[in-house]
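Remarks on the structure that follows.
Nothing in this text is a laboratory measurement; each read-out follows from the coordinates by a stated rule. Quantities reported herein were computed from a predicted structural model and do not represent experimental measurements. Backbone-built Cβ (ideal geometry, glycine too); neighbour counts: all protein chains shown.
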């Protein structure tokens, strides 16, 4: 039952990522953050790999899915103890076009393949926002 619930959540997130409908968060004034943080946010691009993203961003705690994950900027913490977060949609490495487009094939693919691979490709990047880090 636990796995059915987990896979159900993953597929909903994959469907949202497929349509590039990442959650909307209130934006913040980028002038209020350091120049290096601004530079790292500007460096986020669709087409980069999860390994490239992991150079400056860490996976947030809490429930995450391989298709849509929440990351926070490493080394930046605001005066109110908040960090810069961003939601990122991925296309899993090794998944062909026919599987990616078909929800049933995609579900079966996730049952037999490991998630969070370094060569997963970024499809979409949500709006950066300020939030607390999720702790497990």
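Provide Rg over Rh for region 65-118; use the alpha carbon set for both Rg and the Kirkwood Rh (inverse mean inverse pair distance).
1.17
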*In which sequence would 110, 100, 90, 116 go, from the one with the fewest C-beta neighbours within 10 Å to the one with the most?*
116, 100, 110, 90
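Arrange the peptides 56-67, 40-51 so that the one whose residues have, on average, the most other Cβ atoms within 10 Å appears first. It would help to have the intermediate numbers written out before the result.
Details: 56-67: 17.3, 40-51: 14.3.
By packing density, highest mean first, the sequence is 56-67, 40-51.
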_Two-site label geometry, residue 58 and residue 114: point separation in nm, points 7 Å out along Cα→Cβ_ = 2.2
*Which whole-angstrom value gives the distance between the alpha carbon centres of region 46-75 and region 81-97?*
6
*Sorted by mean Cβ packing within 10 Å, highest first, what order do the peptides 118-124, 74-80 take?*
118-124, 74-80
